[in-house]
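The values are calculated or read from the model by the stated rules, or taken from the named source; none is laboratory data. Since this is a predicted model, take the numbers as computed values, not measurements. Every residue, glycine among them, receives a Cβ derived from its backbone with ideal geometry; neighbour counts consider all protein chains shown.
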Amino acid sequence: MDTAAMLKMLQDPMGVPFFPQVFDALMVLTFALHILCVNLTLGALAVAVWGRLRPGTGWDRLSPALARTATASVSAAIVLGVAPLLFVQVIYDPFWYAANLLSADWVIGFVLVMIAAFWSAYLFYLGGKENRGPLAYGFLSLGLFVVAGVIMHALSVQLLHPEKWLGWYQSVGGAETSGSALHAFEPARFLHFMIPALTVIGIYMMFYAWYLEPRADADRAHLDWTAKAGAGLAFWSALAQGAVGAWWLLTLPKDFHFYRSPFLMGGAGLGIVMIALLAHIRFGAKRPQAFAWPAALMMLVTVLGMATTREALRQVYVGVFGYTIHGHRLTLDWASTVLFSGTFVMGVSVIAYQMSVAFLCGRKAGKWEAGPRLQAWGRISIGLLIAWIAVVAGLGVVLTLRQHGL
C-alpha cells in the first residue's frame, strides 16, 4: 500500500475540534516546559548521586537539596508531559498510534518504569536525619529515568518513519504482534535531549545560590561555591550539547536540506547566544548568582526555540509522505474548546499561586505569613478550582442522563 494513502486512511475521520495551528503552538510550548522539568530531574539526581560519592565536599553538602528538587521536578514533568502527549495524538494521530502499537509492551512498561523511578527518587531523598536515603536508590532512580527517556525517544523516532512500519511488523518472518521490540534509536538525537540536564541543573545551582542569599541563616561561602560550580557545569555541558547538535544535524537525510531551515538557524543562533552568556558568567563573573535570572530566562527562550526547530523537523519528516497538520478536517467544537480554555486558566492560576507561596516563604528564615494580596489570590484560586470541579462533574451527570434518555 502507498504510504501516503495509508496515513490518510488512518486519520481520524472526525478531524480536529479546533484549528490545528493552535494545537501545534501549544504542543511546542508545553513540550518545552516539560523537557525543562525532565532535564531538571535528571540533572538534580545525577549531581545528587555524584555528591554522595564525594563525602565532605561541597557537592556532598548540596546533595540532599538536589535530591529533594528531583522529587518535585519529576512531579511537574509528569503533569506538563500530559499536554504535549495529548496534542501530538490529535494532530499526528496516525503516526503516534502506529508507533505505540509497534512497541505496545514498552508503552505500558513506561508507566511502570516511571512509578518505580518516582518511588526510588523518594527513597533516595528520604532517609536518616539528613534526608539521605541509600545511595543505591539514587542510582536506580537515575537509571530508570534514563530507560523512560529511551522508550519515549524510540517512540518519537518510530513515529517519523511510516515507510518502515510494515517491515518492523514483519521483522521476524511473520506478523509480530507482541509489541515487545523498540525499533528505532538515534544516539545523537537522544544525547541532544539528555546532555542539557547538566546545563539546566547548573543554572539551577546559580539560581539556588541567588534564592537563599537573603536568608539570615545562609552560608554565603557555600552559596558562592554552589553558584560557581553551577556556572562551570552549565557552560561545559552547553558546549557539549552544541557539538552533539551538530552531529545530529549531520545524521539527518541529506535531501531534507534542513541546514537551510530558518527554524534551525534561529534555534542554533539562540544556542550560540546561550553559550556566550554562560561563558561570560563562567569566566568573567565574580558572583555567578547575580546572573541567575538572565541565564534562566535565556535558557527558557533557547529551549522554546529548539522545541520549535524540533517541530519544524518533524513536519519535514511527515511532509515527505504528503502529510500536513493543516490537512485535517476541521470540526469546530466550541463546547470542548471553552472547557479546555477554562481549565487552562484555572490551572495556571492555581499553580502560579502555589509556586508564589513556595517561592516567597523559602526566602525568609523562620515563620512567614502571606500578605493580603496573596491571600486574596489564594481564595480566588480555590474558588476557580471548586467552580471547575462543579462544571466538569455537572457536565458528566448531564451527559450520563442524556445517554440513558433521561
* Residues located in region 365-400, provided they are over 30 Å from the mean Cα position of the chain (by Cα) and either surrounded by 13 or more Cβ atoms within 10 Å (Cβ to Cβ) or on the phi > 0 side of the Ramachandran plot (or both) -> G366, A370
* Asked: Is there a residue being closer than 16 Å to I201 by Cα and hydrophobic (A, V, I, L, M, F, W, C) anywhere in region 282-290?
  -> no
* Residue that is farthest from M298 (Cα to Cα) [pool: residues in region 234-276 that are of a type in the set (S, T, N, Q) and crowded, with 16+ Cβ neighbours inside 10 Å] -> S261
* Is it the case that some residue within region 315-334 is of a type in the set (S, T, N, Q), over 22 Å from V82 (Cα atoms), in a loop (DSSP other than H, G, I, E, B) and within 28 Å of the chain's Cα centre (by Cα)? -> yes
* To do: Determine if region 78-87 includes at least one residue that is farther than 24 Å from T302 by Cβ, assigned by TED's automatic domain parsing to the domain that holds A234 and crowded, with 18+ Cβ neighbours inside 10 Å.
  => no
* Structure fact -> Checked against (1) in a helix (DSSP H, G or I); (2) within 27 Å of T69 (Cβ to Cβ); (3) not small (G, A, S), I272 satisfies every condition except (2)
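For every residue, the table says whether it meets (1) in a loop (DSSP other than H, G, I, E, B); (2) under 16 Å from A44 (Cβ atoms).
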| site | (1), (2) |
| --- | --- |
| V111 | no, no |
| F118 | no, yes |
| A121 | no, yes |
| G127 | yes, no |
| L140 | no, yes |
* To do: Please name all residue pairs, on different chains or six or more residues apart, with Cβ atoms under 9 Å, provided the first residue is in region 164-189 and is in the same structural domain as A98 (by TED's automatic domain parsing) and part of a loop (DSSP other than H, G, I, E, B) and the second residue is at pLDDT below 80 and surrounded by 12 or more Cβ atoms within 10 Å (Cβ to Cβ).
  => Q170/E176; A181/S171; H183/S171
* Among residues belonging to region 167-217 that are more than 30 Å from V47 (Cβ to Cβ) and touching an Asp or Glu at 6+ places or on another chain (Cβ under 8 Å), point out the one that is surrounded by the most Cβ atoms within 10 Å (Cβ to Cβ). => W168
